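The values are calculated or read from the model by the stated rules, or taken from the named source; none is laboratory data. These numbers were taken from a predicted model, which means no experiment stands behind them. Note that we place each Cβ from the backbone using ideal geometry, even for glycine, and neighbour counts take in every protein chain shown. SASA here: full protein model, heavy atoms, side chains in, ligands and nucleic acids out. Shrake-Rupley method; radii C 1.70, N 1.55, O 1.52, S 1.80 Å.
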Amino acid sequence: MKVAKFGGSSLADARQLKKVKDIVLEDEARKYIVVSAPGKGVNNNHKVTDLLAMCHELSAHELNFNEVYKIIENVYKNIVDDLVLDIDIDKILAEVKDEITNGASYDFVISRGEFISAQVLAAYLGFDFVDARDLIAFTNGVLDLPKSEEKIKKILTQHEKAVIPGFYGEKEDGKVKTFSRGGSDVTGSVIASALDAEMYENFTDVSGFLVADPKIVKDPSPIGTITYKELRELSYMGAKVLHEEAIFPLRDKNIPINIKNTNAPHEEGTLILSQCDIKNKNILTGISGKKDFTVINLEKVNMNSEKDFFRKLTTVFESNDISIEHMPSSIDSVSVLVADSYITPKLNKVLEELKIYLNVDNISWERDISLIAVVGRGMINEKGVSSRTFTALAREGINIKMISQGSSEINIIIGVETQDFEKAIRAIYREFYKED
């Protein structure tokens, strides 16, 4: 048995739903289907979730949202009419509109895209519709995995085949609670975990992960297999194909995830596994990165002899509600990397507190730093990965501002000036992969 999740681009219009139906019915094992709200399509230039958020905003300010809601109605009505479905879409849309008018919560309103989408696809496939409110439980605002799995086993085992809306569940008080955007991936993984599925398939508009961002590297190679650890590293550093929280319910049960393309379903895509003994011929699994960081450099003689130095250092950032991304250090110096969005409004205050609490010999800071992650499970047993990486950057005249390697030894984090970000990624890619 497989659980399959289809993203917004796969449900944007009738043409896409026909592809979804062909995919689902092609494999009898695909019994439980999780769906997102319709994304941008041929006849709609906006994502339904964005439109619903706009409707809530207008309604909350007692402004007329009919014009925006009309766009949403047209998306679903066009799908139902084109597919000639036996479903009272007018009634469903009218009920949602009344809820918005009567002051429904933000989470409730933005979840209605998935709610309606699942009913439409269920009617098209001839599957049962099961509301995610009955399956996904939140406790104290966070996903309650044990409770959710208990409800899923109890309810879904009564349905041979079903379509379930992704993205939301129910709180203790019975009100709707949503995940962060992209959370339909998490819904699918929780269901796959609860039912001990053979595989969790995630259908989107790309054929899996690529070694590098195609906006930076021309025609980068696809990633055939990747481990959960590698995926976490790449996702954290900006590679977004799958919601990063979707791996947790599946990891301990060794349930693989297959990222596939709705528009090219017979392409292999990317297989995500708990462990993988297959060695990448290019050593590296992927390269990703993020921009807009500030690095604060502190110097103090005999810093390492002060037992409370690092506690004081991290306390300053904690008290200012600032997350530390990386903190490479040496005997008499330490560098702290933080996102610009956190530090910018508080920089002067943080610098002053660091001077007072740590009594450092010197403190400096630098903006416009970008981080690049070089990730690969084969790196741990391969000599010369670091030297090849740094040589490739030196060849392009790129100055390295920071180096950090995790204890797992599956990644190297490199800090460069933001102006060199794209050039650095292309240089590393050329070193390990043949670039056209």
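Screening Leu271 on (1) in a strand (DSSP E or B); (2) over 21 Å from the mean Cα position of the chain (by Cα); (3) aliphatic (A, V, I, L, M) shows it passes everything except condition (2). For the range 274-302: of the residues being modelled with pLDDT of 90 or more and among the aliphatic types (A, V, I, L, M), which is surrounded by the most Cβ atoms within 10 Å (Cβ to Cβ)? Across the range 274-302, the extreme among qualifying residues is Ile287.
Could you say whether any residue in the range 314-323 is touching a Phe, Trp or Tyr at 6+ places or on another chain (Cβ under 9 Å), under 24 Å from Gln405 (Cβ atoms) and open to solvent by 30 Å² or more (accessible area, probe 1.4 Å)?
Yes, the range 314-323 contains a residue that is touching a Phe, Trp or Tyr at 6+ places or on another chain (Cβ under 9 Å), under 24 Å from Gln405 (Cβ atoms) and open to solvent by 30 Å² or more (accessible area, probe 1.4 Å).
Can you confirm whether Glu245 is part of a helix (DSSP H, G or I), crowded, with 24+ Cβ neighbours inside 10 Å, at pLDDT below 90 and not basic (Lys, Arg)? Spelling it out, it is not the case that Glu245 is part of a helix (DSSP H, G or I), crowded, with 24+ Cβ neighbours inside 10 Å, at pLDDT below 90 and not basic (Lys, Arg). Across the range 192-209, the qualifying residues are those that are of a type outside the set (D, E, K, R) and more than 20 Å from Gly8 (Cα to Cα), and the one among them that is surrounded by the most Cβ atoms within 10 Å (Cβ to Cβ) is Ala194. In the range 283-306, the residues that are closer than 14 Å to Ile372 by Cα form Cβ pairs under 6 Å with partners that are open to solvent by less than 20 Å² (accessible area, probe 1.4 Å) and of a type in the set (Asp, Glu), at six or more places apart or across chains, as follows: Thr285/Glu230. Those helices (runs of 4 or more DSSP H) of the range 344-436 in which 1 or more residues are open to solvent by 10 Å² or more (accessible area, probe 1.4 Å) and within 30 Å of Ser319 (Cα to Cα) occupy 347-358.
Considering Ser189, Ser180, the condition of being surrounded by fewer than 22 Cβ atoms within 10 Å (Cβ to Cβ) and among the polar types (S, T, N, Q) is satisfied by Ser180 alone.
Against the list (1) over 27 Å from Leu195 (Cα atoms); (2) among the charged types (D, E, K, R); (3) open to solvent by less than 40 Å² (accessible area, probe 1.4 Å), the condition Arg112 fails is (1). Among the residues making up the range 84-104, those that are touching a residue at least 24 places away in the same chain (Cβ under 8 Å) and closer than 13 Å to Leu58 by Cα are Lys97, Ile100, Thr101, Gly103, Ala104.
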